[in-house]
1. Excluding Glu276 itself, calculate the net charge of residues whose Cβ lies under 14 Å from the Cβ of Glu276, where each Lys or Arg counts +1 and each Asp or Glu counts -1.
2. Could you line up Ile178, Ile96, Ile70 from fewest to most neighbouring Cβ atoms inside 10 Å?
3. 5 Å is the cut-off here: which amide hydrogens, built 1.01 Å from N in the peptide plane, fall below it relative to Tyr125, excluding neighbours closer than 5 in sequence?
4. Can you work out ³J(HN,Hα) from phi for every residue in segment 273-283, in order, using Karplus 6.51 cos²θ - 1.76 cosθ + 1.60 and θ = phi - 60°, giving whole Hz and x for Gly and Pro?
5. Using the structure shown, list the pairs from Lys138/Lys187; Lys108/Lys138; Lys255/Lys292 with a Cα-Cα distance above 30 Å, or answer none.
6. Under a crude label model (7 Å from the Cα following the beta-carbon direction), how far is Val137 from Ala74 in nanometres?
7. May I ask you to compute the full-extension gain from Ala186 to Arg214, defined as 0.36 nm times their residue separation minus their alpha-carbon distance, rounded to one decimal in nm?
8. Can you list residues whose amide H is under 5 Å from Val269's amide H, if they're 5+ apart or on another chain and H is modeled 1.01 Å from N?
Amino acid sequence: MTAETAAIEKHRGRGGCGPRLVLLLPLVLGLPLIGTSAAAGGLRVVATTSDLASLAQAVTGDLAQVETIIPPAADPEAFEPRPSDFAKLKGASIVIRVGLGYDHWLDKLLSMQGDAAVNRGGAGYVDASVGIPLLEVKGSRLDPASRDGHAHGLANPHYWLDPANAEIISGAIAEAIIRVAPETSAKIIANREGFLSRLRTSLAGWEQLFAPHRAARLIAYHNTWPYFARRFRLNVVDVIEVKEGVAPSPARLAKLAAIMREQGIRVIVHEPFEPEEASQLLARRTGAAVVKLAPSVASLPAASDYLALFDYNVSALAQALSGAAK
Ligand SMILES: [Zn+2]
């Protein structure tokens, strides 16, 4: 870790500073900007997920070509990289990952690729989970080889589903781009400010749509929604999967049906690539509605970018909750 990144990490770790100040820290302190300078427009950004790619696109605008490794229509937690993914990393100026074991396969690809600048500790390496207030934190990392299903590792990794976390993520991306291509800093900072202004306006609207549904109870198929639920004050009572990636038994479904009846839970949140049988069966047994939400950008056509993902999810879920209340 360089002195510059160490200062930023330390600063972030305290959590008392806004992303804008973090972004400007190297300039304020007069610390050297590390990394090779890439010509504006010649930047290549590779993100493991479509969500991070969408945020990178918002920050870079027309200054970079942004690519995604995990196809958004597939289950990201069951993803196995292909040789073409390795090729994508070649010549990348910035690599952005979710971290927390979600994209654990990236380490191997990066070490095979060998470019220190985009490997852990390099100027172009971004672990977007750094500085995020994590939920469901576990004491130790699970060994991926011993995983049953695709259990969450260090903490729940679905943090991009709290739109307020986009301030931290976009700050980390902007910092990395400015480290690698300092001549882009004014434009990067302006792009990010513009995006954050749109995000804040949208967030106020989303919160308003959920206002009548405070503490509404839901069941979800996969444990994707704790960050989303906390932001919008919803209560995900239980998940259908016994553990991540493991389908439920008939006994578990019977237990969930009993919980749903007892607590009057009328909505089941489902993701496009998860098997539908269990959610549909539970809906038939309890009279609840199944709402398909987008866990990632482009996993449903309406979720075409980061802001559109929330526009869609918030309106679909608020509508389902309104229908269920009747
Ligand atoms: Zn998950």
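Values in this text are rule-based calculations from the coordinates and carry no lab data. Computed from a predicted structure; not experimentally measured. In this analysis, Cβ positions are derived from the backbone assuming ideal geometry, glycine residues included, and neighbour counts consider all displayed protein chains.
1. Values: positive: Arg284, Lys292; negative: Asp75, Glu241, Glu271, Glu274, Glu277.
For residues surrounding Glu276, the net value is -3.
2. Details: Ile178 22, Ile96 30, Ile70 25.
By the 10 Å Cβ count, ascending, the order reads Ile178, Ile70, Ile96.
3. So Tyr125 has HN proximity to Val95.
4. 9, 7, x, 8, 3, 4, 5, 5, 4, 5, 5
5. Working: Lys138/Lys187 39 Å; Lys108/Lys138 23 Å; Lys255/Lys292 22 Å.
Over 30 Å Cα-Cα: Lys138/Lys187.
6. Output for this residue pair reads 3.2 nm.
7. On the way: separation 28, 0.36 × 28 = 10.08 nm, distance 4.03 nm.
6.0 nm is the gain from fully extending Ala186 to Arg214.
8. The list, which skips near neighbours in sequence, is Ile219, Ala220, Tyr221, Val291.
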